[in-house]
Amino acid sequence: MIKLDISPNKFRNEFQSKKPFLVRNSFVPQITDRQIDEIVLRADIIQDDFKLNFEGKVLPKNKYVESFQDVGKVRNRFIKAALVDYMRRGATLIANKLYNEPLIYNYHKQIEEISNRPALSSLYISYGNEDDSSFRAHWDTRDVFVLQLVGRKKWILHEPNFEYPLPSQQSKDMEHVVKCPTTEPYMEVILEEGDLLYVPRGWWHDPVPCGERTVHLSVGTYAIYRNDYLHWIIQNILPSHPEARMHLDSYNSIDDLTAYANLIHEKLTDPELLRNFHRLHAVEHYRTNDTLNLNSLCDPNIEEIPEEKLLYINLFHCVEDLEKDIIANGTFLKIESRPDMRKVLQCILDHQGISTYTLLKKMPNLDKKYVKNMLFKLACFDIIRFD
Ligand SMILES: [Fe+2]
């Protein structure tokens with residue numbers, strides 16, 4: 001379990017997207033050398049998401065990957081001698097956007113819950129020393145939670161001089177305009193195993209190896225930008241208003257745009273529209289990637305979740321609203337007229353990891369069979385999960 005020392009709410013209010021946050025001994029890393037090897041072996045090494053960074057640059061694939069015919073199928077594998085040589089000379093191996101890795105997903109999911117945002121996880125491995133750091137100071141365009149899994153790594157952080165960069169505004173492409181400050185760093189810290197460092201987007205950071213093996217997980221979290229909301233309004237709301245459809249000729253004065261500007265202001269600050277935007281975004285984007293529960297759900301002879309199993313709700317907090325409806329894994333479920341279902345879901349949300357047995361005890365007035373049947377259907381629709 002990741003510990004923050006402060007509540008997720010306090011973190012979101014005081015640190016998220018604002019300033020770095022360091023937690024010593026936030027978690028107990030439980031990853032073996034073999035598990036690290038296996039995660040790297042399972043990664044799709046031919047894709048751009050898999051990288052070997054060496055001397056500040058991404059190495060071309062042909063420097064360390066070979067393709068071969070494996071019984072009629074083209075496969076890719078490391079050129080082991082090359083990989084070993086680059087790593088020994090200070091390269092950093094980066095397996096980006098890891099998916100379907102239960103061990104990684106365990107951390108990933110906790111970060112999503114803390115940040116209330118969807119995340120992407122990447123593994124960084126290096127054996128270098130300070131002299132052959134394979135990165136330069138840069139900013140990221142997403143907020144990053146660094147979880148130090150093995151060894152130590154030094155992080156030097158500077159305050160942003162270009163705040164809230166968008167994905168198209170990478171520091172490497174803007175070096176001629178904005179450079180890393182040469183003033184005293186905001187923070188200089190050596191992360192030890194189990195430490196967590198939160199680096200908001202736009203903050204300069206220079207990760208430097210300490211001459212020993214270092215493995216860290218970088219969980220990037222993705223905010224919705226205000227520009228996204230405005231874009232959605234322009235696309236979906238404004239076309240039904242004549243102020244937006246009117247002509248704009250060169251002889252029009254700025255005053256002619258007043259009604260249009262007022263309309264945009266009115267829509268942008270409409271709480272109901274903002275709520276709808278978040279909900280539609282959740283339907284399109286937010287998914288969990290946990291258990292399938294094949295054995296319990298697919299057997300036609302089984303119609304109940306075993307009582308000892310622990311129940312979880314597949315809900316992102318940012319769209320939680322158990323008054324009217326919920327959105328879980330792309331499913332929109334109206335619960336306004338289903339008070340029993342609302343009670344059951346609220347109970348699972350309040351006690352994530354509650355067993356069916358305990359849940360039934362907390363609701364003695366509800367028919368046991370009815371609740372069990374409801375839970376089974378909710379699991380089939382991916383609204384709850386159990387373990
Ligand atoms: Fe970075």
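Derivation of every value follows stated rules applied to the coordinates shown; laboratory data play no part. As the structure is a prediction and not an experimental result, all values here were calculated from the model. FYI the Cβ positions are ideal-geometry reconstructions off the backbone, even for glycines, and counts take in every protein chain you see.
Can you compute the FRET efficiency between ARG245 and MET363 using 1/(1 + (r/R0)^6), with r the Cβ-Cβ distance and R0 = 51 Å? Round to the nearest 0.05.
Once the sixth-power term is evaluated, E becomes 0.45.
Pairs LYS18/LYS97; LYS18/LYS61; LYS18/LYS154: which are spaced more than 27 Å apart, C-alpha to C-alpha? Display every interim value, and only then the final one.
Values: LYS18/LYS97 24 Å; LYS18/LYS61 37 Å; LYS18/LYS154 21 Å.
From the list (LYS18/LYS97; LYS18/LYS61; LYS18/LYS154), the Cα-Cα distance tops 27 Å for LYS18/LYS61.
Can you order the peptides 369-379, 300-310, 21-31 by their average number of other Cβ atoms within 10 Å per residue, highest first? Write down the numbers at each step before the final one.
On the way: 369-379: 17.1, 300-310: 12.7, 21-31: 15.4.
With the highest mean Cβ count within 10 Å placed first, the list reads 369-379, 21-31, 300-310.
With the Cα gyration tensor of the range 8-221 giving a ≥ b ≥ c as the square roots of its eigenvalues, does the rule (a/c under 1.5 for rounded; else a/b larger than b/c for prolate; else oblate) give rounded, prolate or oblate?
Numbers: a/c = 1.65, a/b = 1.38, b/c = 1.19.
Cα axes put the range 8-221 in the prolate bin.
Rounded to the nearest 500, what is the chain's calculated 222 nm mean residue ellipticity when only DSSP H runs of at least 4 contribute -39500 (n - 2.57) each, over all residues?
Here the helix-only value at 222 nm equals -9000 deg cm²/dmol.
Quick check: from the Cα gyration tensor, does the range 226-269 come out rounded (a/c under 1.5), prolate or oblate? List each step's numbers first, then the result.
Numbers: a/c = 2.12, a/b = 1.81, b/c = 1.17.
Since a/c reaches 1.5 and a/b is larger than b/c, the shape of the range 226-269 is classed as prolate.
Given Cα positions, please report Rg to Rh for the chain, the hydrodynamic radius being the Kirkwood one.
Details: Rg = 24.8 Å, Rh = 24.2 Å.
Computed over Cα atoms, the ratio is 1.03.
Return the distance in nm (one decimal) between the two label points of a simple spin-label model at ASN262 and VAL84, each offset 7 Å from Cα along Cα→Cβ.
With each label point 7 Å from Cα toward Cβ, the separation is 7.6 nm.
Before anything else, pin down the relative contact order of the chain: Cα pairs under 8 Å, at least 6 apart, normalised by residue count, whole percent. Don't skip to the answer; put the middle values down first.
On the way: 643 pairs, mean separation 57.9, N = 387.
Reported as a whole number, the value is 15 percent.
With r defined as the distance between the Cβ atoms of LEU274 and SER337 and R0 fixed at 25 Å, what FRET efficiency is calculated, to the nearest 0.05? List each step's numbers first, then the result.
Working: r = 25 Å, r/R0 = 0.99.
Here the calculated transfer efficiency is 0.50.
Given Cα pairs under 8 Å that are at least 6 residues apart, what percent is the relative contact order of the range 8-221?
Rounded, it is 29 percent for the range 8-221.
Rounded, prolate or oblate: pick one for the range 34-73, where a ≥ b ≥ c are the square roots of the eigenvalues of its C-alpha gyration tensor, a/c under 1.5 means rounded, and failing that, prolate if a/b is larger than b/c, else oblate. Mind dumping the intermediate values first?
On the way: a/c = 2.57, a/b = 1.28, b/c = 2.01.
Cα axes put the range 34-73 in the oblate bin.
Which pairs break 31 Å Cα to Cα here: LYS19/LYS324; LYS51/LYS377; LYS3/LYS334; LYS109/LYS153?
Details: LYS19/LYS324 35 Å; LYS51/LYS377 42 Å; LYS3/LYS334 34 Å; LYS109/LYS153 24 Å.
With Cα atoms farther than 31 Å apart: LYS19/LYS324; LYS51/LYS377; LYS3/LYS334.
Which order results if THR358, THR221 are arranged by neighbouring Cβ count within 10 Å, fewest first? Don't skip to the answer; put the middle values down first.
Values: THR358 16, THR221 23.
So the residues, fewest neighbours to most, are THR358, THR221.
Excluding same-chain residues fewer than 8 positions from LYS369, which aspartates and glutamates have a Cα within less than 17 Å of its Cα?
Of all the aspartates and glutamates, those that pass the test against LYS369 - Cα under 17 Å, at least 8 places apart if same chain - are GLU303, GLU304, GLU307, GLU308, ASP340.
Order of TYR229, TYR312 from fewest to most other C-beta atoms within 10 Å?
Ordered from fewest to most neighbouring Cβ atoms within 10 Å, TYR229, TYR312 come out as TYR229, TYR312.
Give me Rg over Rh for the range 294-386, both radii from the alpha carbons and Rh done the Kirkwood way, two decimal places. Walk me through the intermediate numbers first.
Details: Rg = 12.4 Å, Rh = 13.3 Å.
For the range 294-386, the value is 0.93.
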